[in-house]
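Trainee: Handing you this structure, nothing more for now.
The values are calculated or read from the model by the stated rules, or taken from the named source; none is laboratory data. Remember, it's a predicted structure, so these values are computed and weren't measured experimentally. Counting neighbours? That spans all protein chains shown, and the Cβs are built from the backbone with ideal geometry, glycine included.
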Amino acid sequence: MLNNISNIYFLGICGIGMSALARWTNLKNFNIKGWDDDITSPLLDVLSQEGIEVHNKLDDPDFRLFLKSSQIDNTIIIYTSAISKEHPVFNLFKSKNIKSYKRADLLQYISKKYQVIAVAGTHGKTTISIMLSHILKCCSVNCNAFFGGISKNYKTNLIVGDSNIMIIEADEYDKSFLKLNPNISLVSSMDKDHGDIYKTDQELLDAYSEFILSTKNLVVGHISLSNKFDFTYSLDSISDFYASDIEYNNKDLCFNIHFPENQSIRTKLNFGTIYNIENAVAAASLAFNLGLSPTNIAAALTSFKGVNRRFDYHWLEKSNSIIIDDYAHHPEELKSLISSVRMRHKQKKIFLIFQPHLFSRTQEFETQFSEVLSLVDKLVLTDIYPARETKIKGVSSEKLLKKVDLKYKWHVRGDFNQIEFNRVFKKIILSNKPDLVITAGAGSVYNLIPKLQQLLA
């Protein structure tokens, strides 16, 4: 793919996964440029600092100059599933007969030279991958890794090391994880999602089965799954790897991790919820199978700081208020998030601001979403974040809100920068004065946090 290629142009370059690939190839001395419709992404600054040119307008002088330059003849296009085939830039390059490849194709190509550890599953991929990378680095294994989030320890979505180990999140969307053929893999869950790709539950299970069979050496899987794994893990059910004696100690989560051959050791996490313990066990199972000792694994976990937008705490000491930001966008993830908050903050009422992600997901899980959203005390629903999709008739936040069984619930229209949105949002927050707010969703809902901090201070 990259033979005799000097220039790579990324469509959707500010996405969390694409930006990591762009940064990687930039470090490998390719000439990297890209396009993104969203120039508000915080990753834009990172790319610019590393010398990567990002375009956003067809009449951008730099973009026009690139199109006219000789570079264009030695360029390939990398695009994500979020980029429509009708996108004007995609079609512009197509008209010039420039070869295009999906993000998964590039990831497949560059990973062939490495020992690939692939983390798959509907939930937990990012946290497990970042945890594993941290454990390896603490044990002097300088791995390479691509993340679907920002590590708080390393403040990045990309780790570049000198070992032959590469950690990759194995994304089931568009069946892209079937391109990886990893050496070792982990499957955390197989909950139904991506109804636009998997029309039936069986199609989803078949894809995961194919992924498992494509793994070269060994597979670790959650004990709740029916597939045959080399090793199993769980939160606290007896399996090859599991936790026990879980307790809260101030803000710490303390627990024992059990390894094969009756080995166990006490450790702690200084953030998050009980569900992060399960992710820690998953990461520990992979590290153990890479030859690391339980003692070193446990020590590494104590210094792990977490992942941006994964149960991310914002404390407002003056008002004694808490804002928790989380990427949860699936009903099961929301349910886990809400139950975790209830567990840690039993005396507080939950004020949830949720941004539904994708029209197709909202349509597919409308009943499940309405049931889970009814578990909080007060709810604000924003408009649906469409990402790669066009609007589906009859699918809306307003319709979803009607099914939610709550006395206090609101829908706020528009985006976060519109005057009307901010006026209505401000009125709701000031009239309710919540002391525990959750912002949740895979879109741009985190942009509300500065507004909330100001309103609740």
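Trainee: Select from the range 436-455 the residues that are under 14 Å from the mean Cα position of the chain (by Cα) and closer than 16 Å to ILE322 by Cβ and list them in ascending order.
Mentor: Across the range 436-455, the qualifying residues are ALA440, TYR446.
Yes/no per residue for (1) closer than 26 Å to ILE338 by Cβ; (2) part of a loop (DSSP other than H, G, I, E, B):
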{"position": "TYR208", "(1), (2)": "no, no"}
{"position": "LEU213", "(1), (2)": "no, no"}
{"position": "LYS228", "(1), (2)": "no, yes"}
{"position": "LEU235", "(1), (2)": "yes, yes"}
{"position": "GLU247", "(1), (2)": "yes, no"}
{"position": "CYS254", "(1), (2)": "yes, no"}
{"position": "ALA283", "(1), (2)": "yes, no"}
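Trainee: So VAL281 clears everything in (1) out of contact with any helix residue (DSSP H, G or I) (no Cβ under 9 Å at 6 or more places or on another chain); (2) surrounded by 23 or more Cβ atoms within 10 Å (Cβ to Cβ); (3) on the phi > 0 side of the Ramachandran plot except one condition, right? Which one?
Mentor: The failed condition is (3).
Per-residue answers, yes or no, for (1) of a type in the set (D, E, K, R); (2) farther than 24 Å from ILE168 by Cα; (3) touching a strand residue (DSSP E or B) at 6+ places or on another chain (Cβ under 7 Å):
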site	(1), (2), (3)
SER6	no, yes, yes
TYR9	no, no, yes
ILE13	no, no, yes
ASP37	yes, yes, no
ASP45	yes, no, no
VAL54	no, yes, yes
PHE63	no, yes, yes
SER70	no, yes, no
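Trainee: GLN355: among the polar types (S, T, N, Q) and touching a Ser or Thr at 6+ places or on another chain (Cβ under 8 Å), yes or no?
Mentor: yes
Trainee: So LEU292 passes all but one of these: (1) assigned to a loop (DSSP other than H, G, I, E, B); (2) surrounded by 22 or more Cβ atoms within 10 Å (Cβ to Cβ); (3) in the same structural domain as ILE223 (by TED's automatic domain parsing). Which condition number does it fail?
Mentor: With (1) assigned to a loop (DSSP other than H, G, I, E, B); (2) surrounded by 22 or more Cβ atoms within 10 Å (Cβ to Cβ); (3) in the same structural domain as ILE223 (by TED's automatic domain parsing) applied to LEU292, the lone miss is (2).
Trainee: Quick one: is GLU50 within 27 Å of SER444 (Cβ to Cβ), out of contact with any His (no Cβ under 6 Å at 6 or more places or on another chain) and surrounded by fewer than 13 Cβ atoms within 10 Å (Cβ to Cβ)?
Mentor: no
Trainee: Specify the residue that is farthest from LYS85 (Cα to Cα); the eligible residues are those in the range 388-414 that are of a type in the set (A, V, I, L, M, F, W, C) and touching a strand residue (DSSP E or B) at 6+ places or on another chain (Cβ under 7 Å). Don't jump to the end; show me each part of the working.
Mentor: Here is the first cut: in the range 388-414, the ones of a type in the set (A, V, I, L, M, F, W, C) are 392, 395, 400-401, 404, 406, 410, 412.
Filter again for touching a strand residue (DSSP E or B) at 6+ places or on another chain (Cβ under 7 Å), leaving 400-401, 404, 406, 410, 412.
Working: LEU400: 30, LEU401: 32, VAL404: 36, LEU406: 41, TRP410: 36, VAL412: 31 Å.
Per the criteria, the residue is LEU406.
Trainee: Tally time: how many residues in the range 258-275 are at pLDDT below 95 and of a type in the set (S, T, N, Q)?
Mentor: Within the range 258-275, residues that are at pLDDT below 95 and of a type in the set (S, T, N, Q) number 3.
Trainee: Give ASN142, ASN157, ASN153 a once-over and let me know the one that is over 21 Å from ASN3 (Cβ atoms), in a loop (DSSP other than H, G, I, E, B), in contact with a Phe, Trp or Tyr (Cβ under 9 Å, 6 or more places away or on another chain) and in contact (Cβ under 8 Å) with a residue 12 or more places away in the chain.
Mentor: On the way: ASN142 fails: in contact with a Phe, Trp or Tyr (Cβ under 9 Å, 6 or more places away or on another chain); ASN157 fails: in a loop (DSSP other than H, G, I, E, B).
It is ASN153.
Trainee: Sticking with this one: Just for the range 192-230: of the residues that are at pLDDT 90 or above and touching a Gly at 6+ places or on another chain (Cβ under 8 Å), which one is surrounded by the most Cβ atoms within 10 Å (Cβ to Cβ)?
Mentor: HIS222
Trainee: Only residues that are more than 20 Å from ASN276 (Cα to Cα), surrounded by fewer than 19 Cβ atoms within 10 Å (Cβ to Cβ) and of a type in the set (D, E, K, R): list them for the range 319-374, please.
Mentor: The answer is LYS348, LYS349, GLU364, GLU366, GLU371.
Trainee: How many residues does the range 295-317 contain that are in a strand (DSSP E or B) and within 13 Å of PHE271 (Cβ to Cβ)?
Mentor: Number satisfying all stated conditions: 5.
Trainee: While we're here: Is it fair to say THR122 is β-branched (Val, Ile, Thr), assigned by TED's automatic domain parsing to the domain that holds SER224 and surrounded by fewer than 20 Cβ atoms within 10 Å (Cβ to Cβ)?
Mentor: Judged against the criteria, THR122 is a match.
Trainee: Are there any pairs with C-beta distances below 7 angstrom linking a residue in the range 419-444 that is assigned by TED's automatic domain parsing to the domain that holds LYS335 to a residue that is part of a helix (DSSP H, G or I) and β-branched (Val, Ile, Thr), with the two at least 6 apart or on different chains, and if so which?
Mentor: From the range 419-444, the pairs are ILE438/VAL341; THR439/VAL445; THR439/ILE449.
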